Amino acid sequence: MKVALVHDWLTGMRGGEKILEVFCELFPDAVIFATVHNEGMMSPVIEQMKIKTSFIQHLPFKKTRYRHYLPLMPLAVDMLDFSEYDFILSTSVAVAKAAAPGKNAMHICYCNTPMRYIWDQYDEYFAKGRAGFVTRMAMKLAAPYLRRWDIRTCERVQYFIANSNNVAERISRIYHRASDVIYPPVNTGLFTVSFKDDGYYLVVSALVPYKRIDLAVEAFNRSGEKLLVVGSGPEKEKLEKTAGKNIEFLGWQSDENLARLYSGCRALIFPGVEDFGIVPLEAMASGKPVAAYAKGGALETVVGSGSSPTGVFFYDQTVESLLDAVKSLSKMKFDADAIRRHAEKFDRKEFKRQIAEYITGKMQSRICR
């Protein structure tokens, strides 16, 4: 059986890439297709795979500004040839789910979200103040086409897997398709329970608009408490300009350094609306509580009440509400071991088992028809 793994872009190791990494382990002889690949930016497991890219790979500035080519990505995916493959397994937040299977081939899409840039979070990316005039005008023209294309191409998928109930609702509302929920993998084995507190709070995130790291920066500018920010992205320079001396930007860190940072933090700050959110579970695997905005995937991973809470929620996406949550968190006592046990429910091994069983079941059902 010839297998194609399809991913939007290979530009760094975030949540979606950790899912792809598991798929590579399940299908080590597969070929990865992506619109663009920044060599050396992926984990060894992914880099050692055979990788095919689209024409966007040869365009200027693709390494840092690949997102600017979003209007071209439908064409890029449509031009990729999957006719020789028996099975397509895509991981998609944008265009990968549009991979067209050949006759009698099967396509399963692990959907982290329908394309957020054109649907629920359009204003987070392209509202005035979020993007320049030229970008706003270009997306105003491109968005209607992208939405039509996105809906039309969902027919190329036989089965959708959603990364959360939150995303399953979105798939139903936008695509009018059913999906099965399998939570993403958390490599809890990389982290150990820590009882120390080195006096800083932690953000781990791609620095893009919808993550709302600006909210965390402004909150800690006001409080004066120490905040460490792990991650990079197009918002980095703007955030650094507004941050006080108590806030440090560390860029992306190795797994070893990230584990050390989790172990020393007082708590994780999670201010955006995530489709699911692996980062809070990594913090919890280290025994650390989370201050999370009460919307999206965080509602399925963070326990904000009961006998064994794993964090606190804030209910308005404002600086004041976040600061109140941090104050509440500092007054609470958390059981680090209980927080860790909660995170282990989402362990990578469990994800791998569920995905393997799901794919096997769907393949067997097609053979029996």
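What to note about this one:
- Whether a residue is surrounded by fewer than 20 Cβ atoms within 10 Å (Cβ to Cβ) and not assigned by TED's automatic domain parsing to the domain that holds Phe23 was assessed, and Gln354 does not pass this test.
- Taken over region 279-296, residues that are in a loop (DSSP other than H, G, I, E, B), crowded, with 24+ Cβ neighbours inside 10 Å and not charged (D, E, K, R) amount to 3.
- Pairing each residue of region 153-176 that is over 22 Å from Leu75 (Cα atoms) and of a type in the set (S, T, N, Q) with any residue that is at pLDDT below 95 and surrounded by fewer than 18 Cβ atoms within 10 Å (Cβ to Cβ), provided the two are 6+ apart or on different chains, yields C-beta distances under 6 Å for Ser164/Glu300.
- Entry remark, region 211-255: residues being part of a helix (DSSP H, G or I), free of Cβ contacts under 8 Å to residues at least 60 places away in the same chain and not basic (Lys, Arg) number 9 in total.
- Scanning region 305-317 turns up at least one residue that is modelled with pLDDT of 95 or more, in contact with a helix residue (DSSP H, G or I) (Cβ under 6 Å, 6 or more places away or on another chain), within 19 Å of Asp214 (Cβ to Cβ) and crowded, with 19+ Cβ neighbours inside 10 Å.
- The residue that is nearest to Met73 (Cα to Cα), among those in region 104-117 that are part of a loop (DSSP other than H, G, I, E, B) and touching a strand residue (DSSP E or B) at 6+ places or on another chain (Cβ under 9 Å), is Met115.
- Reported count of residues in region 76-101, each being surrounded by fewer than 19 Cβ atoms within 10 Å (Cβ to Cβ) and more than 26 Å from His58 (Cα to Cα), is 1.
- Residue within region 54-62 that is buried (at least 18 other Cβ atoms within 10 Å of the Cβ), modelled with pLDDT of 95 or more and under 22 Å from Arg353 (Cβ atoms) present: no
- Index of the failed condition, Leu258 passing every other in (1) over 27 Å from Thr113 (Cα atoms); (2) assigned to a helix (DSSP H, G or I); (3) in contact (Cβ under 8 Å) with a residue 12 or more places away in the chain: (1)
- Region 63-103, residues that are modelled with pLDDT of 95 or more, β-branched (Val, Ile, Thr) and assigned to a helix (DSSP H, G or I): Val77
The values are calculated or read from the model by the stated rules, or taken from the named source; none is laboratory data. The shown structure was predicted, so the numbers you read here are calculated from the model rather than taken from an experiment. Positions of Cβ are generated from backbone atoms using ideal geometry, with glycine treated the same way; all protein chains shown enter the neighbour counts.
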